[in-house]
1. Determine which residues of region 122-144 fall in the zone a paramagnetic label at residue 83 would reach in this model, i.e. backbone nitrogen under 15 Å from the point 7 Å along Cα→Cβ.
2. Given the Cα atoms of the chain, and with Rh set as the inverse mean 1/r over their pairs in the Kirkwood sense, what is Rg to Rh to two decimals?
3. Calculated from DSSP H runs of 4 or more alone, at -39500 (n - 2.57) each and per residue, what is the 222 nm mean residue ellipticity of the chain, nearest 500?
4. Gain in length, residue 119 to residue 70, computed as 0.36 nm per residue apart minus the alpha-carbon separation, to one decimal in nm?
5. Whole-Hz ³J(HN,Hα) for each residue in region 107-122, computed from phi via Karplus 6.51 cos²θ - 1.76 cosθ + 1.60 with θ = phi - 60°, x for glycine and proline: what do you get?
6. Under a 5 Å amide H to amide H cut-off, with H placed in plane at 1.01 Å, what residues pair with residue 91 once short-range neighbours are removed?
7. How many times 2.2 N^0.38 Å is the alpha carbon radius of gyration of region 54-93?
8. With a/c under 1.5 counting as rounded, go ahead and sort region 54-144 into rounded, prolate or oblate using the C-alpha gyration tensor (a ≥ b ≥ c being the square roots of the eigenvalues; past the cut-off, prolate if a/b is larger than b/c, else oblate).
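The values are calculated or read from the model by the stated rules, or taken from the named source; none is laboratory data. As the structure is a prediction and not an experimental result, all values here were calculated from the model. Neighbour counts are summed over all protein chains in view; Cβ atoms, including those assigned to glycine, are modelled from backbone coordinates with ideal geometry. Remember, those area values only see protein heavy atoms, side chains included, never the ligands or the DNA or RNA. Shrake-Rupley method; radii C 1.70, N 1.55, O 1.52, S 1.80 Å.
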Amino acid sequence: MFKKYIAAAIACAFASQAFAQAEGCIELKTTAQVEKEVVNDKGEKSRVLVEAGKVVPGTEVVWTVTANNVCKQPSDGVTINNAVPEHMTLVPNSAIGPGSDITFSVDGKQFAPAGQLTVRENGAPRPARADEFKHIRWQLKASLQPGASAFGRFRAVLN
């Protein structure tokens, strides 16, 4: 049986873009992680994020895009645009980004809050489902100060 595999190295080639008024001040880093259950010395279980490595279909991957302001002045209007990786499906309600407005797109051009996106089916519009979202956008509400970081995170399942 043919199985698709995805390497964490995809995180390096993952399509992320940052836009800000201060060009060149924002550096992005994308990581791919999976949750792993660990047990401490007292026998207590908890879940931690570890590097994804190779994953098989059905595995949920936690994607984090971190924006760092590497300049000596604040960056205003920072926006991170990110594609949901190919062969993956966005987990509903999993996108987070403290201090940002999050919007989605089915085509990479028109962005809106999740509940406002529509697609056409048999010629009629209907609400878009999370599994149809192909892009996520985080727009920071405040300036990103020198040396500061912000992040956006979402979960996606390998098909």
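1. Answer for region 122-144: 133-137.
2. 1.02
3. Roughly -500 deg cm²/dmol at 222 nm, from the helical runs in the chain.
4. Length difference between fully extended and current span is 13.7 nm.
5. After applying 6.51 cos²θ - 1.76 cosθ + 1.60, I find 10, x, 10, 9, 10, 7, x, 3, x, 9, 7, 10, 10, 9, 9, 6 Hz.
6. Residues meeting the criterion, in which the H sits 1.01 Å from N, are 155, 156, 157.
7. 1.67
8. oblate
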